[in-house]
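These notes are about the structure you will find just below.
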Amino acid sequence: AYNKTVDRNFQDWVFKKQAGTLKFTEEQMAWLRMIKEYIANSFHIDRDDFELSPFNAHGGLGKLWQLFGEKTDEILNELNEELAA
């Protein structure tokens with residue numbers, strides 16, 4: 001099933017990202033999991049989607065930028081590409 005593929009690809013992506021010095025915080029991981037679930041249900045995510053549930057209840061795009069800064073767009077692009085593969 002597609003959601004199983006997304007889960008496996010997400011685990012692989014997180015593992016690769018954290019193989020070096022980068023370590024995601026618990027809050028960052030919570031957001032990454034929300035993004036993963038959204039992609040599993042919608043196949044794609046972009047900035048406008050952060051005005052929707054569940055993201056808007058957690059601070060939306062502004063909060064995402066607080067957590068990931070200038071890496072935000074890079075992370076979204078990678079997740080869109082890697083999770084659906």
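Each value in this text was obtained by applying a stated rule to the coordinates, not by laboratory testing. None of the values given here were measured: they were computed from a predicted structure. Methodologically, a virtual Cβ is constructed for each residue, glycine included, from the backbone with ideal geometry; neighbour enumeration extends over all protein chains shown.
Here is a yes/no grid of residues against (1) of a type in the set (V, I, T); (2) assigned to a loop (DSSP other than H, G, I, E, B); (3) surrounded by fewer than 18 Cβ atoms within 10 Å (Cβ to Cβ):
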{"residue": "V6", "(1), (2), (3)": "yes, no, no"}
{"residue": "F10", "(1), (2), (3)": "no, no, no"}
{"residue": "F15", "(1), (2), (3)": "no, no, yes"}
{"residue": "G20", "(1), (2), (3)": "no, yes, yes"}
{"residue": "M29", "(1), (2), (3)": "no, no, yes"}
{"residue": "R33", "(1), (2), (3)": "no, no, yes"}
{"residue": "D48", "(1), (2), (3)": "no, no, yes"}
{"residue": "N56", "(1), (2), (3)": "no, no, yes"}
{"residue": "K63", "(1), (2), (3)": "no, no, yes"}
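Being among the small types (G, A, S) and closer than 16 Å to V14 by Cα narrows it down to one of A30, A57, so name that one.
Values: A57 fails: closer than 16 Å to V14 by Cα.
It is A30.
Taking the criterion of being polar (S, T, N, Q) and either surrounded by 13 or more Cβ atoms within 10 Å (Cβ to Cβ) or in contact with a Cys (Cβ under 6 Å, 6 or more places away or on another chain) (or both), the residues of the stretch 65-80 that qualify are T72, N80.
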